[in-house]
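Colleague: I am attaching a structure below and will ask some questions about it afterwards.
The values are calculated or read from the model by the stated rules, or taken from the named source; none is laboratory data. Values in this document were obtained by computation on a predicted structure and should not be read as measured data. Cβ placement follows ideal geometry from the backbone for every residue including glycine, while neighbour counts extend to all protein chains displayed. Note: accessible area is taken over every heavy atom of the protein model, side chains too, but ligands, DNA and RNA are not part of it. Shrake-Rupley method; radii C 1.70, N 1.55, O 1.52, S 1.80 Å.
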Amino acid sequence: MLAYARPLARLIGELEKLPGIGPKSAQRVAYHILRMPKSAALALAEAIAEVQEAVRFCSVCFNFSEDEVCSICRDPRRNKTTICVVAEPRDLIAIEKTGEHRGLYHVLHGVISPQDGIMPEQLRIRELLQRLDQSETAEVIVATNPTVEGDATALYLSKLLKPLGIKVTRLAHGLPLGADLDYADQATIISALQWRREM
Amino acid sequence: MYIRRLCLAHFRNYELLEIRPSPGLNVLVGENGHGKSNLLEAIYMLATTKSFRATRDTDVIQKGNPDAVAFAEVVFDDGSSCDVEVTVSREDRKSARINGARADRVLDLLGMLNAVFFGALDLRLINGEPSARRRYMDLAIAQTSPKYGRDLAAFRRSLDQRNSVLREMRDNPEYDPGLDVWTDQMTTHGSAVMERRFAFTDELAKLAVKAYAELSGKREKLVVRYEPSLGVEPEPPLPLEKTGGVSSVYLAARVCYDIELARVREIEIRRGTSLIGPHRDDLRLSVDGMEARAFASQGQQRTVVLSLKLAEFEYLEQCVGRSPVMLLDDVMSDLDDDRRSRLLQRVRGKCQTFITCTNLRSFPQEVLSEATVFVVRDGAIETVTS
């Protein structure tokens, strides 16, 4: 650290705390910022400050939102009878990009993992139940990852929701479309074989 | 199948090593502590992703280095070849490469290279804890079925999660953070594990009886039996059409598992841990109706272990349709002349074999004349004679 000017060392230190950024990348990014036009650097700083100030949880679906209720939840064209439950906001983005889901969302902010101290109460499950209580939801699509914890979370939700007369479905898993079979990883092929369909 | 080229970097006491073994018998001779077994350990790790002795994977990394690498060029019977590589690093643990491309998971390595290991520590199979016998089953099955490796990993994960829930419930009796959900996950994956263990021991038992009869001169009968902690009896599997495509053994295991878990539910909560399942299974070994661990004779115990290893060898051969690589770690001195020659007879000309020993006297001259001999001294192969 001796060779760095003190403010530069501070910036590198802050960048290193970010996910996926090691000492080398942090150094590269810091030098880049240093060489940027002042206006661009300030725009970056402002964007960072603003994201903290202006973004909060949507009070309905708990996705990140600029407003009290997010644009998806406010959109009158969305189908109010279907809710897609995801673990993380980035999963919502992935599904939303396809444009195929016209219903609403609910973000749990994690999956159940008792080992890590994450019990159902730590997730936005209570809020989901309240929401279902006050709406005319007919189907809940559970879109958690196909991992042991994702499966357990899906099962937990289905046990909770089915008695309420709500249809609970789960995303299918299988081969990636448009890709070669020999590029798929073993786990995917095994699961695709296991859940094969009659034609 | 055989290994045409083996390379190690910072693996145990090998700084850098490259050898070209023969497709037949390879004898590694050298004094104790010079690195003969480390070579076998590297081959075994390429086959199973696990060490046969290290408790932590990072134990194989040479002191002062960030990672250890083992690489092998494997040649199959049809002449095609495949490069396999495993890297153990202090930071992000283990990774694998297949034909130079980084595998998504280390487990993808399973099934590329098959190997059977037999060493002095394997006596644990008889007088050790049940965990030694489970490990034996798991490593043998995982080599023939990548799905088993994944089912086992998923089972262990759900078991750990479920134990956390049970501990929570023990400490807060009013609270249930979803025990049923984890029970379901554990029985789903656990029953798949049991199904494969049933199928494996069924085959293994037949092969082991034959091997034991041959080695011991047909006087006694070895019985190998899978003992699941549930106490389910294996029934002859029903045809898949009758069960809607799901194995009847799986269904039977699953039903028993659910019933048994319901029975011990209160005890599990009180103790805060999962009491039954594949993590408590055992393999029962008996000779002429007597439990093998009660045997006085070391010789008989060794014959039982050797029979299991030869049976494992034939099981792998049957399942994958090619001969595994045989790794024999310092076993020649422990066997009497008769069993020694029977063992050599079994492997000679059949498969690639690596045998470690401290001196060459235990080998008959005609065997030695067709073997490739590597002299191992202080982490280096000093001379090669063939």
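Colleague: Which of the numbered conditions does B:F200 fail, given that it passes all the others? Conditions: (1) modelled with pLDDT under 90; (2) closer than 30 Å to B:L335 by Cα.
Modeller: (1)
Colleague: Follow-up. Would you tally the residues in segment B:111-129 being within 11 Å of chain A (Cβ to nearest Cβ) and open to solvent by less than 10 Å² (accessible area, probe 1.4 Å)?
Modeller: Count: 0.
Colleague: To continue, here is another question. Please go through segment B:363-383 and give me each residue that is surrounded by 14 or more Cβ atoms within 10 Å (Cβ to Cβ) and part of a loop (DSSP other than H, G, I, E, B), ordered by number.
Modeller: Scanning segment B:363-383 gives B:F363, B:A371, B:G379.
Colleague: For residues that are in contact (Cβ under 8 Å) with a residue 60 or more places away in the chain and at negative phi, tally how many sit in segment B:274-294.
Modeller: So the count comes out to 13.
Colleague: Could I ask something else about it? Within segment A:1-111, considering only helices (runs of 4 or more DSSP H) that don't extend past its boundaries, which have at least 2 residues that are outside the structural domain of A:Q122 (by TED's automatic domain parsing) and under 26 Å from the mean Cα position of the chain (by Cα)?
Modeller: Values: elements: A:6-16, A:23-35, A:38-54, A:71-74, A:89-98.
Filter on segment A:1-111 gives A:6-16, A:23-35, A:38-54, A:71-74.
Colleague: Being of a type in the set (D, E) and either without any contact (Cβ under 8 Å) to a residue 24 or more places away in the chain or part of a strand (DSSP E or B) (or both) is the filter; apply it to segment A:112-129 and report the residue that is least open to solvent (accessible area, probe 1.4 Å).
Modeller: A:E121
Colleague: Checking A:L161 against (1) away from chain B (no Cβ under 14 Å); (2) at negative phi; (3) not polar (S, T, N, Q), only one condition comes out false. Which one?
Modeller: (1)
Colleague: Do we find a residue being surrounded by 12 or more Cβ atoms within 10 Å (Cβ to Cβ), aliphatic (A, V, I, L, M), touching a residue at least 40 places away in the same chain (Cβ under 8 Å) and closer than 27 Å to A:E127 by Cα anywhere in segment A:63-80?
Modeller: No.
Colleague: Take the residues in segment B:161-183 that are open to solvent by 70 Å² or more (accessible area, probe 1.4 Å) and either part of a helix (DSSP H, G or I) or modelled with pLDDT of 95 or more (or both); name whichever of them is nearest to the other protein chains (Cβ to nearest Cβ).
Modeller: Step by step, filter segment B:161-183, then rank; the result is B:D180.
Colleague: Inspect all residues belonging to segment A:170-182 and state whether any of them is over 21 Å from B:D108 (Cβ atoms), of a type outside the set (D, E) and either in contact with a strand residue (DSSP E or B) (Cβ under 6 Å, 6 or more places away or on another chain) or within 10 Å of chain B (Cβ to nearest Cβ) (or both).
Modeller: Yes.
Colleague: What tally of residues in segment B:65-97 results from selecting those that are open to solvent by less than 80 Å² (accessible area, probe 1.4 Å) and in a loop (DSSP other than H, G, I, E, B)?
Modeller: Of the residues in that region, 4 qualify.
Matching residues to (1) buried (at least 22 other Cβ atoms within 10 Å of the Cβ); (2) of a type outside the set (A, V, I, L, M, F, W, C):
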position: B:D337; (1), (2): no, yes
position: B:V347; (1), (2): no, no
position: B:I355; (1), (2): yes, no
position: B:R361; (1), (2): no, yes
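Colleague: All but one of (1) open to solvent by 10 Å² or more (accessible area, probe 1.4 Å); (2) more than 18 Å from the chain's Cα centre (by Cα) hold for B:Y212; state the number of the condition that does not hold.
Modeller: Of everything listed in (1) open to solvent by 10 Å² or more (accessible area, probe 1.4 Å); (2) more than 18 Å from the chain's Cα centre (by Cα), B:Y212 misses just condition (1).
Colleague: Here's another thing I want to ask about it. For segment A:18-37, indicate whether the set of residues that are under 25 Å from B:E91 (Cβ atoms) and charged (D, E, K, R) is non-empty.
Modeller: Yes, because at least one residue in segment A:18-37 is under 25 Å from B:E91 (Cβ atoms) and charged (D, E, K, R).
Colleague: Listed residues A:I141, A:I118, A:I166; which is within 14 Å of chain B (Cβ to nearest Cβ) and among the β-branched types (V, I, T)? Write out each step before concluding.
Modeller: Values: A:I141 fails: within 14 Å of chain B (Cβ to nearest Cβ); A:I166 fails: within 14 Å of chain B (Cβ to nearest Cβ).
On inspection, the qualifying residue turns out to be A:I118.
Colleague: Confirm whether B:D59 is among the acidic types (D, E) and not in a helix (DSSP H, G or I).
Modeller: When the stated conditions are applied, B:D59 does not pass them.
Colleague: Suppose we keep only residues that are outside the structural domain of A:I83 (by TED's automatic domain parsing) and among the polar types (S, T, N, Q) within segment A:135-194. Which one would you say is least open to solvent (accessible area, probe 1.4 Å)?
Modeller: Applying the filter and picking the extreme gives A:S191.
Colleague: Next question, about the same structure. Suppose the filter is touching a residue at least 60 places away in the same chain (Cβ under 8 Å), within 14 Å of chain B (Cβ to nearest Cβ) and under 19 Å from the mean Cα position of the chain (by Cα); does A:G150 pass it?
Modeller: Judged against the criteria, A:G150 is a match.
Colleague: Could you list, in sequence order, the residues of segment B:107-125 that are among the hydrophobic types (A, V, I, L, M, F, W, C) and over 21 Å from B:A199 (Cα atoms)?
Modeller: Across segment B:107-125, the qualifying residues are B:L107, B:L109, B:M112, B:L113, B:F117, B:F118, B:A120, B:L121, B:L123.
Colleague: For segment B:249-283, enumerate the residues that are touching a helix residue (DSSP H, G or I) at 6+ places or on another chain (Cβ under 6 Å), of a type in the set (D, E, K, R), in a helix (DSSP H, G or I) and under 30 Å from B:R124 (Cβ atoms).
Modeller: Matches in segment B:249-283: B:E268 only.
Colleague: Do you know which of the residues in segment B:237-258 that are of a type outside the set (G, A, S) and under 16 Å from B:F200 (Cβ atoms) is modelled with the lowest pLDDT?
Modeller: The extreme case among them is B:P237.
Colleague: Sticking with this one: Looking at segment B:139-158 only, could you name the residues that are surrounded by fewer than 21 Cβ atoms within 10 Å (Cβ to Cβ) and at pLDDT 90 or above?
Modeller: B:A153, B:R156, B:R157
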